[in-house]
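The values are calculated or read from the model by the stated rules, or taken from the named source; none is laboratory data. As the structure is a computational prediction, the values presented were derived from the model and not from experiment. Please note: Cβ atoms are built from the backbone with ideal geometry, for glycine as well, and neighbour counts cover all protein chains shown.
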Amino acid sequence: MKKIVAIISFFVLTVHAQHSWEDSPYFDTSFLSKYDLVKTRLIEQDDFKSVTFQSADGIALDGIFLERKNSVGTIIFCAGFFPGRKEGQAPIFKMLPPNYNILFFDARGHAKSDGKFWRTLNKYGKNEYKDVLGAIEFVHKKVGGKIVVYGICAGAFHASHALIKLSQEKKLDHYGIVGMIFDSGFASPQNVSRALQYHIKEKCLPKKLGWYANKKKIKKTFLYRITSFFVSGLACTLKKILIMPGIKSIEPETNLFDKIQNITCPIFFIHCEDDGYVSFHEIEKLANQAQCKTCWWISESSHALHALKHKYEYRKRLIYFLEKHLQ
């Protein structure tokens with residue numbers, strides 16, 4: 001009888017979710033950018049609990065965890081580079097049926113997690129994967145069962161290194177890891193160094209100079225051109241002096257091209273062909289080297305925003321991948 005009630009309850013909740021998820025305030029970007037308010041809502045209205053755990057190298061990480069009865073597995077969400085807050089992935093949580101446990105956490109040096117971020121950029125990618133290892137250990141001890149690791153932007157890069165490590169140690173089965181989602185990730189920190197200039201020219205300056213002209217016309221103005229020249233030039237110079245020497249020195253250790261094939265579980269690659277931050281051809285090349293892959297190449301979108309720009313198709317493909325490997 002209890003089993004029948006559980007099945008009926010799950011069916012009712014799933015049908016309700018299918019008709020209400022897209023109306024969630026988590027799809028309102030103005031609300032989504034208010035990270036503390038999003039976290040409060042996740043805790044007070046969606047039953048998440050605040051948690052802390054240790055990275056594999058002993059750094060205290062801040063997270064929120066949703067544990068559900070009769071779950072079929074856990075999805076660990078690994079956030080992006082910057083601002084890289086866990087709350088930014090709330091829309092994806094809302095897309096999912098109510099039979100998965102969910103862990104959101106902030107990587108080292110982000111929000112309330114300990115560790116350094118800006119001061120260690122010259123070694124970025126060397127140790128951050130240990131945060132993901134800590135998250136996997138936390139879930140394994142707390143609830144056990146199957147795990148899918150979901151990484152977006154830098155989170156996908158770090159998640160890959162974590163699974164490479166576990167694959168080499170033959171521990172994927174031990175931790176119940178059955179898949180990874182690689183959304184808008186990159187293969188090497190060195191190869192995405194150009195993203196800084198792109199971000200300044202395409203995102204920061206048009207926003208800051210919005211008082212002067214609208215976004216469509218701003219790039220044609222003299223003010224934008226002169227500001228872009230000096231600001232991006234300065235940023236590029238500082239990057240070359242302070243960051244790139246260290247990044248290049250660890251490149252053999254951090255690039256994924258000669259390592260991704262070590263991951264034995266299925267990987268779902270999601271990337272847009274017009275991504276201005278990470279070359280599509282780089283990720284296409286990376287995916288071709290993976291052992292077991294599913295790819296969704298989107299012709300037009302924005303870096304790490306596919307769940308907002310293509311939410312219905314995103315949800316369909318995401319649930320298909322999860323059900324295939326977690327059910």
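Here is a check on your reading of the model: is Gly115 modelled with pLDDT of 95 or more and more than 18 Å from the chain's Cα centre (by Cα)? If you could, list the steps in order and put the result at the bottom.
Working: modelled with pLDDT of 95 or more: yes; more than 18 Å from the chain's Cα centre (by Cα): yes.
Answer is yes for this residue.
Among the numbered criteria (1) modelled with pLDDT under 95; (2) of a type in the set (Phe, Trp, Tyr); (3) touching a Pro at 6+ places or on another chain (Cβ under 8 Å), which one does Phe81 miss?
(3)
What's the number of the condition Ala187 fails, among (1) modelled with pLDDT of 90 or more; (2) of a type in the set (A, V, I, L, M); (3) more than 30 Å from Ile267 (Cα to Cα)?
Failing condition for Ala187: (3).
Of all helices (runs of 4 or more DSSP H) completely enclosed by the range 112-189, which ones contain at least 1 residues that are among the small types (Gly, Ala, Ser)?
Working: elements: 129-142, 154-168, 172-175.
Because the criterion is at least 1 residues that are among the small types (Gly, Ala, Ser), the helices (runs of 4 or more DSSP H) in the range 112-189 that meet it are 129-142, 154-168.
Name the residue that is nearest to His325 (Cα to Cα), counting only residues in the range 240-274 that are among the aromatic types (Phe, Trp, Tyr) and surrounded by 14 or more Cβ atoms within 10 Å (Cβ to Cβ). Show your work before the answer.
Taking the range 240-274 as the starting set, the residues that turn out to be among the aromatic types (Phe, Trp, Tyr) are 257, 268-269.
Filter once more, so that each one left must be surrounded by 14 or more Cβ atoms within 10 Å (Cβ to Cβ): 268-269.
Values: Phe268: 11, Phe269: 15 Å.
Looking at the filtered set, the residue picked out is Phe268.
Could you list, in sequence order, all residues of the range 51-63 that are hydrophobic (A, V, I, L, M, F, W, C) and either in contact (Cβ under 8 Å) with a residue 60 or more places away in the chain or in contact with a helix residue (DSSP H, G or I) (Cβ under 6 Å, 6 or more places away or on another chain) (or both)? Don't jump to the end; show me each part of the working.
Looking only at the range 51-63, we keep the residues that are hydrophobic (A, V, I, L, M, F, W, C), and these are 51, 53, 56, 59-61.
Passing the criteria: Val51, Phe53, Ala56, Ile59, Leu61.
Exactly one of these conditions fails for Leu256: (1) of a type in the set (A, V, I, L, M); (2) closer than 21 Å to Cys204 by Cβ; (3) part of a loop (DSSP other than H, G, I, E, B). Give me its number.
Result: Leu256 passes all but (2).
For the range 61-77, give me each residue that is assigned to a strand (DSSP E or B) and among the small types (Gly, Ala, Ser). Talk me through it step by step, then tell me what you get.
Keep residues of the range 61-77 that are assigned to a strand (DSSP E or B), which gives 61-66, 74-77.
Correct list: Gly63 only.
Somewhere in the range 152-169, is a residue touching a residue at least 12 places away in the same chain (Cβ under 8 Å), touching a Ser or Thr at 6+ places or on another chain (Cβ under 7 Å) and β-branched (Val, Ile, Thr)?
yes
Give the residue that is farthest from Phe280 (Cα to Cα), with candidates limited to residues of the range 210-220 that are in a loop (DSSP other than H, G, I, E, B) and of a type outside the set (Ser, Thr, Tyr). Break it down into steps so the answer makes sense when it comes.
Narrowing the range 210-220 to residues in a loop (DSSP other than H, G, I, E, B): 210-214, 219-220.
Adding the requirement that they be of a type outside the set (Ser, Thr, Tyr) leaves 210-211, 213-214, 219-220.
Numbers: Gly210: 30, Trp211: 33, Ala213: 31, Asn214: 29, Lys219: 25, Lys220: 27 Å.
Taking the candidates together, the pick is Trp211.
Scan the range 218-228 and tell me whether some residue there is at pLDDT below 95, within 23 Å of Phe81 (Cβ to Cβ) and in the same structural domain as Arg194 (by TED's automatic domain parsing). So that I can check it myself, show each step before the final result.
Filtering the range 218-228 down to residues at pLDDT below 95 leaves 218-228.
Next, from what is left, pick out any that are within 23 Å of Phe81 (Cβ to Cβ): 228.
Subset that is in the same structural domain as Arg194 (by TED's automatic domain parsing): 228.
Looking for residues that are at pLDDT below 95, within 23 Å of Phe81 (Cβ to Cβ) and in the same structural domain as Arg194 (by TED's automatic domain parsing), one finds at least one in the range 218-228, hence yes.
A quick yes/no check of all residues on (1) touching a strand residue (DSSP E or B) at 6+ places or on another chain (Cβ under 7 Å); (2) within 23 Å of Lys285 (Cα to Cα); (3) aromatic (Phe, Trp, Tyr):
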| residue | (1), (2), (3) |
| --- | --- |
| Phe186 | no, yes, yes |
| Ala195 | no, yes, no |
| Lys203 | no, no, no |
| Lys208 | no, no, no |
| Phe222 | no, no, yes |
| Thr227 | no, no, no |
| Val231 | no, no, no |
| Leu234 | no, no, no |
| Lys240 | no, no, no |
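Is it fair to say Phe81 is aromatic (Phe, Trp, Tyr) and in a helix (DSSP H, G or I)? Break it down stepwise before answering.
Numbers: aromatic (Phe, Trp, Tyr): yes; in a helix (DSSP H, G or I): no.
In short, no.
Which condition number does Glu87 fail, the rest of (1) crowded, with 21+ Cβ neighbours inside 10 Å; (2) in a helix (DSSP H, G or I); (3) over 16 Å from the mean Cα position of the chain (by Cα) being met?
Result: Glu87 passes all but (3).
Residue by residue through the range 297-320, note down the ones that are within 16 Å of the chain's Cα centre (by Cα) and of a type in the set (A, V, I, L, M, F, W, C).
Across the range 297-320, the qualifying residues are Ala304, Leu305, Ala307, Leu308, Leu318.
Working only within the range 18-46, note down all residues that are surrounded by 13 or more Cβ atoms within 10 Å (Cβ to Cβ) and in a loop (DSSP other than H, G, I, E, B).
Ser24, Asp28, Ser33, Lys34, Asp46
Give me a count of the residues in the range 97-111 that are assigned to a loop (DSSP other than H, G, I, E, B) and either within 18 Å of the chain's Cα centre (by Cα) or closer than 17 Å to Ala156 by Cα (or both).
Residues in the range 97-111 being assigned to a loop (DSSP other than H, G, I, E, B) and either within 18 Å of the chain's Cα centre (by Cα) or closer than 17 Å to Ala156 by Cα (or both): 7 in total.
Run Gly58 past the list (1) surrounded by 17 or more Cβ atoms within 10 Å (Cβ to Cβ); (2) small (Gly, Ala, Ser); (3) part of a loop (DSSP other than H, G, I, E, B); (4) at pLDDT 95 or above and report the number of the one that doesn't hold.
Unmet condition: (1).
Against the conditions (1) farther than 29 Å from Tyr320 by Cα; (2) in contact (Cβ under 8 Å) with a residue 60 or more places away in the chain, where does Ser113 fall short? Just the number, please.
(2)
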